[in-house]
1. Surrounded by 21 or more Cβ atoms within 10 Å (Cβ to Cβ) and more than 8 Å from the ligand (Cβ to nearest atom): which single residue out of I311, I233 fits that description?
2. Consider G553 carefully, then state whether it is at pLDDT 95 or above and small (G, A, S).
3. Condition first: touching a Pro at 6+ places or on another chain (Cβ under 7 Å) and exposed (fewer than 15 other Cβ atoms within 10 Å of the Cβ). Now tell me which residues in segment 480-539 satisfy that.
4. Only one residue in R215, R266 is within 15 Å of the ligand (Cβ to nearest atom), modelled with pLDDT of 95 or more, closer than 18 Å to F301 by Cβ and among the charged types (D, E, K, R), so which one is that?
5. Filter segment 249-260 down to the residues that are within 15 Å of the ligand (Cβ to nearest atom) and touching a Leu at 6+ places or on another chain (Cβ under 8 Å), then identify the one that is farthest from W423 (Cα to Cα).
6. So which helices (runs of 4 or more DSSP H) are wholly in segment 65-142 and hold at least 3 residues that are modelled with pLDDT under 95 and under 22 Å from G223 (Cβ atoms)?
7. When you scan segment 323-336, do you find a residue that is in contact with a Lys or Arg (Cβ under 6 Å, 6 or more places away or on another chain) and not β-branched (V, I, T), even just one?
8. Tell me, yes or no, whether segment 365-380 has at least one residue that is within 29 Å of G60 (Cβ to Cβ), touching a His at 6+ places or on another chain (Cβ under 8 Å) and either surrounded by 15 or more Cβ atoms within 10 Å (Cβ to Cβ) or modelled with pLDDT of 95 or more (or both).
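The values are calculated or read from the model by the stated rules, or taken from the named source; none is laboratory data. Note that the coordinates shown come from a computational prediction; the quantities given were computed from them, not determined experimentally. Positions of Cβ are generated from backbone atoms using ideal geometry, with glycine treated the same way; all protein chains shown enter the neighbour counts.
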Amino acid sequence: TVTHPDEETIDGTALAVDALRANGVETVYGVVGIPITDLARTAQARGIRYIGFRQEQAAGHAAAAAGFLTGRPGICLTVSAPGFLNGLVALANATTNCFPMIQISGSSERNIIDLQQGDYEELDQFNVAKPFAKASFRVDRPQDIGIGVARAIRAAVSGRPGGVYLDLPAAVLRATMPAAAGAASLMRVVDPAPARIPAPESIARALDLLAGAERPLIVLGKGAAYARADQAIRSFVETTGIPYLPMSMAKGLLPDDHPQSAAAARSLVLGQADVVMLVGARLNWLLAHGQAPRWAAAARFIQIDVDPMEIDSNRPIEAPVVGDIASAMAGCNDGLSSVKIAVPDAWWDAIRDRTAKNVAKLRAKLDADAHPMNFATALRAIRDVLDDHRDVHLVNEGANTLDSGRDIVPMYHPRHRLDSGTWGTMGVGMGYAIAAAVESGGPVVAIEGDSAFGFSGMEIETICRYQLPIITIVFNNGGVYKGDEVNTYSADPAPTVLLHSSRYDKLIAAFGGTGYQADTPDELGHALLAALKAGRPALINAVIDPSAGTESGHLSHLNATGSLQPV
Ligand code: ADP
């Protein structure tokens, strides 16, 4: 493009910000450096909130969580090569979890990268990102920034949501063009996640299958939470009277104390259901791939999913309903006027019986008088406080901390629980917590294993810098899984051991937040209550018995156990 000397110009950096603004982006998460520092400044100057992190992975996890919480793509900004690669972990994790996110990264000089001549932070990022993202785009001219952003947004939120990579080389950020032409090159994406209406016959097939069931079950996954079809889902569950099981991030879609929740009879319903309706939940490892003995070999499946490729991925699906969950549930609700579904009493009797037994078993664990605290007694204290603070967003990661947290702390509102998700990723904690606080403006409690916390612990400085109402509770049992392992071969600590004497509460004090030490459930409850009242950054060091917990939590069977023979 030819620019006249007196014509107003705009550079790629400002165009990128305007392209985001044109599409309603309000917040960008990132870490600045060459070549995107001015992009963050320009975002602030033009009214976008920029939240600066200490490491890109946490910024990326924040963007992913923002995507899940808002249904719009969360934006993460990274620098070239190493910063890009740090962020890529979060982009891959977002894609795996079906969260819409866009990682925008600056990159070095194309001509040097392509001839591998050794540029500052040289990496072919556009191609590197491809296998880890739902889509990868690179913009090579400033006049294409608008279309690049538009394509990234559509790719992130349409169909099955996922992570998208958008490469903005330094040369493009630096380039200028006439301001009027630049403004005209921007676009606002219309209907970025269009409804996908399932075929009416697929819904009829599904309802017929349910109508013939003796032991039906509905499984709600985080796709159902993401779909924001809360009322339609609740109405279908309540009208049919079918028991439902929430996957961990679907907890609260219906309140956990709902009489039709079969969560406390999980193994029974998985093992005995004869017709299962999956709503936004994959038959992956989290559901034992739909296979026996966890499931009845003869169980018949209905699956509602926006992605046709998901169907039959692990076992035959007799009634696939391919479409978006809002449209599918609306269709199912309409269909109920002509199909009669009734749940036999015997099925509910069996579920209630097992629920009563399991609730009693858990109560005994929760009420135990354990010194030091164990996972259950510490979580009971948290549960009791949160019972009066149901609007809190909860973040939960760790092995035993996650397994027990999921079972013990109930949720009452949709999309209020964020956890390790589909990969079982450790390190999502502070990023997810920051996004939850920023996007909701409300309080967040992050229940973290001490090992899990370490992956993103430095972000407590970020929390303090932005004065976010986040309370981090570190379950300090002094180890990965457990803290009592002894290395008998040398003087070094065993591989699973961390310092049990750590005072994580003093870390946050260094940044002006409030630290609490809690050795008993009483102290933990009081600290949490005080921190919630204060509404400021806080960290509670909850001292847990180092011998509490099991190796790999509920996943011991996935461990490869060696013979431990010294040479
Ligand atoms: P969980 O881990 O809670 O079981 P998964 O992440 O395995 O849940 O499954 C979520 C599923 O939901 C994915 O297969 C995804 O394609 C699907 N999904 C996400 N959003 C929608 C939507 N709006 N409509 C239909 N399906 C969706």
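1. I233
2. no
3. N487, Y489, D519, G535
4. R266
5. So the residue we want is L254.
6. Qualifying helices (runs of 4 or more DSSP H): none found.
7. Checking segment 323-336: at least one residue is in contact with a Lys or Arg (Cβ under 6 Å, 6 or more places away or on another chain) and not β-branched (V, I, T).
8. Within segment 365-380, none of the residues are within 29 Å of G60 (Cβ to Cβ), touching a His at 6+ places or on another chain (Cβ under 8 Å) and either surrounded by 15 or more Cβ atoms within 10 Å (Cβ to Cβ) or modelled with pLDDT of 95 or more (or both).
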